[in-house]
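Worksheet: one structure, shown below.
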Amino acid sequence: MIQKPKGTYDVNGEKGRKILYLEKLLAALMENYHYQYVRTPLFESSELFHRGVGETTDIVSKETYDFIDRGNRNMTLRPEGTAGVVRSYIENKMYGDVIQPVKTWYYGPMYRYERPQSGRFREFYQFGVEVFGTNDPLMDAEVISIPVNFYRLLGLKGIKVNINSLGDQESRLRYREALIEYFKPHLESLCNDCKERFLKNPLRILDCKVDSEKEIMKHAPKMQDYLNEESKQHFEKVKEYLEAMQIEYSVNPNLVRGLDYYTYTVFEVEASVEGFGSQNVLCGGGRYNHLVETIGGPSTPGVGFAMGMERLLTALEFENINPVEENVLDAYIVPLSEEVKKEALSLTNALRLSGFTVEIDTLNRSMKSNFKTSERMHARYVIIIGEDEVKENILTVKENQTKEEYKVALADIIDFLDQTMIHDECDCEECDGTCHHEK
Ligand code: HAM
């Protein structure tokens with residue numbers, strides 16, 4: 001049997017409903033935040049990621065899905081969304097848009113050739129935002145508030161916000177030199193990856209999972225001591241704005257993030273519940289004030305973040321939260337014979353067009369089996385259509401929960417179902433009498 005590629009997964013059933021629901025919720029949240037939806041291709045020229053994400057990052061140096069297309073071009077399946085959105089911002093000259101800053105959101109699959117494990121896939125879905133054209137620390141705080149508010153809305157409790165500042169380029173350079181100076185005599189005690197990082201991007205030694213517990217890490221110079229006045233103030237403001245929104249955070253001086261493009265603020269939100277597993281970073285992001293320029297656009301500050309949908313689903317399961325309501329069918333239609341199928345289908349169609357959720361039997365089940373099926377599907381009503389019903393234009397409607405049976409004129413069926421909606425919404429003891437139930 002042909003199987004799915006390693007590190008990928010299929011979606012169906014309840015999981016599909018949950019994902020669709022979360023996507024809808026995210027789109028609605030982005031309306032509230034006044035962000036515009038953008039979509040960029042799943043593949044881009046390889047050069048974009050080499051230039052944008054950085055040669056020294058794991059995702060570009062070890063994990064890209066590269067291919068040469070039939071026109072001999074080097075292409076790469078996007079490992080993340082930021083570089084593509086920046087490319088699109090530049091190509092579409094969005095720096096000239098009337099409305100500034102340009103606030104965008106995106107959603108879609110990303111590809112990284114990683115070692116698959118729980119919470120880590122080779123194809124995974126990210127929701128993310130990128131904001132261009134403002135260096136105001138308020139925007140850093142706004143961006144951090146998006147995942148935090150989303151998790152709050154969903155009822156997730158076990159989350160922790162970690163922030164840090166990498167400062168501007170000048171501060172970062174001074175810090176880089178201090179780190180080189182510090183780690184140079186200790187190189188032998190570091191893991192092989194860190195030895196490589198030492199040459200290419202010494203900051204990344206700080207977030208090494210292998211070396212993190214070593215004594216030498218604990219005494220490494222701290223970024224905070226190398227921030228210049230302007231960078232310090234920027235960071236202070238971000239913290240004040242987070243506090244203004246009652247967003248709790250911890251400053252983690254070793255948080256540098258795995259991508260090369262960050263300046264000033266960086267942040268991650270992690271699932272802090274015990275037993276969650278090692279892939280507990282639900283989302284991450286930060287400011288990147290030189291990326292637009294690096295990719296060939298005008299000097300423009302930017303800030304953004306991305307969250308993985310898979311880890312979000314795991315976090316929800318872990319905290320026993322099912323955000324989706326039970327799937328309820330308003331009506332389950334049973335045509336009693338071949339001859340009445342046209343009428344049954346016509347009714348099904350009319351009800352669906354009126355906004356009801358309707359299913360129709362296409363397996364010619366027995367009556368008993370149809371009732372069983374309708375209960376499994378949580379149908380409120382079973383509507384039976386036989387030759388008598390068609391002749392008299394009267395439908396037999398059975399309510400699954402109460403087992404009551406009604407005779408409803410075909411012309412009145414929409415009203416009948418509408419009234420039950422009212423019945424559902426009202427508190428029956430004070431019902432205004434529009435519902436048909438016995439009280
Ligand atoms: P990232 O930290 O590489 O940042 O990824 C963001 C999130 O995507 C992670 O926190 C995680 O939830 C999810 N994720 C990453 N890799 C995997 C994987 N292999 N399997 C499942 N989930 C994964 C970025 O991608 C940046 N572009 C974020 C950003 C946007 N920074 C500024 N703007």
Condition check: assigned by TED's automatic domain parsing to the domain that holds P301 and touching a helix residue (DSSP H, G or I) at 6+ places or on another chain (Cβ under 7 Å). Does Y175 satisfy that? no
Among the residues of the stretch 338-353 satisfying the criterion of being in contact (Cβ under 8 Å) with a residue 40 or more places away in the chain and over 16 Å from V328 (Cα atoms), which is surrounded by the fewest Cβ atoms within 10 Å (Cβ to Cβ)? E339
A331 passes all but one of the listed conditions (1) at pLDDT 95 or above; (2) more than 16 Å from the ligand (Cβ to nearest atom); (3) within 20 Å of the chain's Cα centre (by Cα); the exception is number (3)
Since S45 meets every condition but one in (1) within 20 Å of Y107 (Cβ to Cβ); (2) of a type in the set (S, T, Y); (3) surrounded by fewer than 17 Cβ atoms within 10 Å (Cβ to Cβ), which condition does it not meet? (1)
Please verify whether P221 is at pLDDT below 95, touching a Phe, Trp or Tyr at 6+ places or on another chain (Cβ under 6 Å) and in a loop (DSSP other than H, G, I, E, B), treating the condition exactly as stated. yes
N393 fails exactly one of the following numbered conditions: (1) of a type outside the set (D, E); (2) surrounded by fewer than 17 Cβ atoms within 10 Å (Cβ to Cβ); (3) within 38 Å of the chain's Cα centre (by Cα). What is the number of that condition? (3)
Name the one entry in L259, L242, L312, L227 that is surrounded by 20 or more Cβ atoms within 10 Å (Cβ to Cβ), within 24 Å of the chain's Cα centre (by Cα) and under 24 Å from G54 (Cα atoms). L259
So which of V324, V382, V334, V358 ends up being under 30 Å from L282 (Cβ atoms), of a type in the set (V, I, T) and either without any contact (Cβ under 8 Å) to a residue 60 or more places away in the chain or not assigned by TED's automatic domain parsing to the domain that holds Q401 (or both)? V324
Are any of the residues in the stretch 263-274 over 24 Å from Y107 (Cα atoms), within 16 Å of the ligand (Cβ to nearest atom) and in a loop (DSSP other than H, G, I, E, B)? yes
Filter pass, V98 being part of a loop (DSSP other than H, G, I, E, B) and within 17 Å of Y37 (Cα to Cα): yes
Being of a type outside the set (S, T, N, Q), under 28 Å from L313 (Cα atoms) and outside the structural domain of R115 (by TED's automatic domain parsing) is the requirement here; does K4 meet it? yes
List every residue pair whose Cβ atoms sit under 8 Å apart, with the two residues 6 or more apart in sequence or on different chains, where the first one lies in the stretch 105-117 and is under 15 Å from Y65 (Cβ atoms) and the second, anywhere, is near the ligand (Cβ under 10 Å from one of its atoms) and of a type in the set (V, I, T). R112/I59
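The values are calculated or read from the model by the stated rules, or taken from the named source; none is laboratory data. The structure displayed is predicted, hence computed values, not measured ones. Cβ coordinates were reconstructed from backbone atoms using ideal geometry, including for glycine residues, and neighbour counts include every protein chain displayed.
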